[in-house]
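Enquirer: What follows is a single structure, and I will ask about it in a moment.
The values are calculated or read from the model by the stated rules, or taken from the named source; none is laboratory data. None of the values given here were measured: they were computed from a predicted structure. Positions of Cβ are generated from backbone atoms using ideal geometry, with glycine treated the same way; all protein chains shown enter the neighbour counts. Side chains included, ligands, DNA and RNA excluded: accessible areas come from the protein's heavy atoms. Shrake-Rupley method; radii C 1.70, N 1.55, O 1.52, S 1.80 Å.
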Amino acid sequence: MLVKTYCAAVNGLEVTTVTVEVSVTKGVMFHLSGLADTAVKESRDRIAAALKNNGIKLPVADTTINMAPADLRKEGSGYDLPIAIGILAATGKVKSDHLSEYMLMGELGLDGKIQPIRGALPIAIRARKEQFKGLIVPKQNIREAAVVNKLEVYGMDNLLDVARFLNGEGGFEPTVIDTRREFYEQQSSFELDFADVRGQENVKRAMEVAAAGGHNMIMIGPPGSGKSMMAKRLPSILPPLSLAESLETTQIHSVAGKLGKNMSLISQRPFRAPHHTISQAALVGGGVNPQPGEISLAHNGVLFADELPEFNKSTLEVLRQPLEDRKITISRAKYTVEYPCSFMFVASMNPCPCGYYNDPTHKCVCTPGQIQRYLNKISGPLLDRIDIQIEITPVPFKDISQSAQGESSADIRQRVIKARLIQEQRFKEHHGIHCNAQMTERMIHQYAEPDEAGISLLRTAMERLNLSARAYNRILKVARTIADLDASPCVLPRHLAEAISYRNLDRGDWAER
């Protein structure tokens, strides 16, 4: 007897429907075809044990299983459930009447329990697109998959439950989640808040500007000045995720297996802070079985690189193209996958090897040459992609000891949202441009061109501060964002003056002060 069950293969964020064809005839052999990896080939042993431990004997017959399309590589243990159901249906233990209406995915334990899988959300989206009536997944993945509407999603505990459901036995109801209500309820609840930060008003202002324009940012300061503390609070002032952004972000985390238990949609912008020992593959993605890297897990959020000069220089250089293109294509001998990676890059670093250059409370023991060599660990092309460079000094005792809280993240966030709305209106006719940080050179001259007084101020700053040529466009981009926060249609000299103050590392004499 020949029966067919349906499942899916996930390659990057692309999902392909896989048809599992099971043919049972007289004989004793077991054949599995369809470019399956070792985990899929081992499914026979898991299925046999699961059936036996649930009182069902694996049929003594010539069993041939084909996974079509046969030229698409099948990886992972999520195919156990559709193969097992196919075998049961081919031997008459499960009715095959409704198999074509459902997509199935799940790994089987030896006791028949269904274990969680990766990529349940993109698989559910594919099932709806292919017009399946429903999707059967492990119970641990139910909230993730039930995000997709117009699709019946069933979370099952074990193999026998799936068999009973397909045989028409009652007691099983699809899971329904009010996605929008849960999504909007969780958008504004942050554990970390800028109200807890004492002092550092200039740095908080720089972070507000960075959030308002989507600008990349680097903070330079001695140990204990609050760089990491403020960076961790940046997501609390970024604009809330839209439903479309949330769905895209959740898919990436689903494929990577990073979604928490009983989690549906990611409602807050991701914050990823990889250690400086991270490898290139872990940062950009890849591996034997392609997985998203840290830059893709930070999609629509923040990628924070603490102690930037301690990262391997070749690892940092791979960030250059993703920062510009906002996507990463990983090409290997056996596969090519593409992941989105539109993120804000925020970095922090000490100003010198000893860490105390320009610290009013400690003496620096580094020579200008040592300081310059330390800064040279960050290449010019990477620094060129960072719009805001802000210097931080330790908070004085009088600011630390004050009892009054600083301005809350909620208040700062409202100003950021207003500035982003202005930018959305400005760029509504430009595809793929959503904030000032993404402006092209032509757009800079169109939307951020200063008046005569502003040009004069810029010329003076470039000459006196010995600013590099690459600083010019960065200053105009940041000035445009400051003007948006000020609700000003034009870029005024005061906006340019503040933007110039955010280009510390571009000053030719920075390491010689």
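Enquirer: With the alpha-carbon atoms as the only input, what is the per residue convex hull volume for the stretch 345-472 in Å³?
Expert: Details: hull volume 23.5 nm³, N = 128.
Spread over its residues, the Cα hull of the stretch 345-472 gives 183 Å³ apiece.
Enquirer: Please work out the Cα convex hull volume for the chain and give it in Å³ per residue. Don't skip to the answer; put the middle values down first.
Expert: Working: hull volume 87.1 nm³, N = 513.
It is 170 Å³ per residue.
Enquirer: Quick one: angle between helix 409-426 and the longest Cα principal axis of the chain, in degrees between 0 and 90, rounded to 10, please.
Expert: Approximately 90 degrees, to the nearest 10.
Enquirer: Quick one: what do you get for the stretch 40-110 if you divide its Cα Rg by 2.2 N^0.38 Å?
Expert: On the way: Rg = 12.1 Å, N = 71, 2.2 N^0.38 = 11.1 Å.
Scaled against compact globular proteins, the figure is 1.09.
Enquirer: Mind ordering 360-371, 69-80, 477-488 by average Cβ neighbours within 10 Å, highest first?
Expert: Those peptides, ordered most packed to least, come out 477-488, 69-80, 360-371.
Enquirer: To one decimal place, what orientation-averaged projected area in nm² is obtained for the convex hull of the Cα set of the stretch 179-276?
Expert: Values: hull surface 30.8 nm².
One quarter of the hull surface, i.e. the mean projection, equals 7.7 nm².
Enquirer: So, one more: How far, in degrees from 0 to 90, does helix 80-90 lean away from the longest principal axis of the Cα atoms of the chain, to the nearest 10?
Expert: Helix 80-90 sits at roughly 20 degrees to that axis.
Enquirer: Send over the per residue convex hull volume for the stretch 307-367, Cα only, as a whole number of Å³. Please list the in-between numbers first.
Expert: Values: hull volume 6.7 nm³, N = 61.
Dividing the Cα hull volume of the stretch 307-367 by its residues yields 110 Å³.
Enquirer: I would also like to ask the following. Ignoring ligands, DNA and RNA, what percent of the 1.4 Å accessible area of the stretch 323-402 is carbon and sulfur?
Expert: Values: 2050 of 3920 Å².
C and S fraction of accessible area: 52 percent.
Enquirer: Kindly sort D97, D451 by accessible area of their heavy atoms, largest first, with the probe set to 1.4 Å.
Expert: Values: D97 110, D451 70 Å².
Result, largest first: D97, D451.
Enquirer: Rg(Cα) of the stretch 275-421 divided by 2.2 N^0.38 Å?
Expert: For the stretch 275-421, the normalised Cα radius of gyration comes out at 1.29.
Enquirer: Going by a 4.7 Å Cβ-Cβ cut-off, which cysteines of the chain have no partner at all?
Expert: Isolated Cys, the chain: C7, C341, C354, C364, C435, C490.
Enquirer: In nm, to one decimal, how far is the modelled label at K428 from the one at E173, with both set 7 Å along Cα→Cβ?
Expert: It works out to 4.3 nm between the two label points.
Enquirer: Leaving ligands, DNA and RNA out of it, work out the accessible area of H434 with a 1.4 Å probe and give it in Å² to the nearest 10.
Expert: Counting only protein heavy atoms, the figure is 110 Å².
Enquirer: Also, I was wondering about something else. Would you work out the relative contact order for the chain, in percent, from Cα pairs under 8 angstrom that are 6 or more residues apart?
Expert: Here the relative contact order equals 13 percent.
Enquirer: What residues qualify as long-range amide H neighbours of N11, i.e. H under 5 Å apart, gap of 5 or more or another chain, H built at 1.01 Å from N?
Expert: T16
Enquirer: Using modelled amide H (1.01 Å from N, peptide plane; none on Pro or chain starts), what sits under 5 Å from the amide H of G285, excluding residues fewer than 5 places away?
Expert: Excluding prolines and chain starts, which carry no amide H, the hits are G293, E294.
Enquirer: Which residues in the stretch 1-45 place their backbone N less than 20 Å from a point set 7 Å from the Cα of D62 along the Cα-to-Cβ direction?
Expert: Within reach of a label on D62: 1-4, 21-34.
Enquirer: By how many degrees, between 0 and 90 and to the nearest 10, does the Cα long axis of helix 120-129 differ from the longest principal axis of the chain?
Expert: 70 degrees
Enquirer: Sticking to Cα atoms, compute the Rg of the stretch 452-506 to one decimal and its Dmax as the biggest Cα-Cα distance, whole number, in Å.
Expert: 10.5, 31
Enquirer: Here is a follow-up. Enter the accessible area per residue of the stretch 429-512 (Å², integer; probe 1.4 Å; all protein chains in place). Intermediate values should be presented prior to the final figure.
Expert: On the way: 4150 Å² over 84 residues.
It amounts to 49 Å² per residue over the stretch 429-512.
Enquirer: Same structure, new question: Once you have the alpha carbon radius of gyration of the stretch 127-241, what is it after dividing by 2.2 N^0.38 Å, with N set to its residue count?
Expert: Details: Rg = 22.9 Å, N = 115, 2.2 N^0.38 = 13.4 Å.
So the stretch 127-241 has a normalised radius of gyration of 1.72.
Enquirer: A further question on this structure: Just from the alpha-carbon atoms, what are the Rg and Dmax of the stretch 1-122 in angstroms?
Expert: Over the stretch 1-122's Cα set, Rg and Dmax evaluate to 13.4, 41 Å.
Enquirer: Could you tell me how far the Cα centroid of the stretch 189-250 sits from the Cα centroid of the stretch 116-184, in Å?
Expert: About 36 Å separates the Cα centre of the stretch 116-184 from the one of the stretch 189-250.
Enquirer: Return the whole-Å distance between the Cα centroid of the stretch 325-391 and the Cα centroid of the stretch 283-308.
Expert: 16 Å
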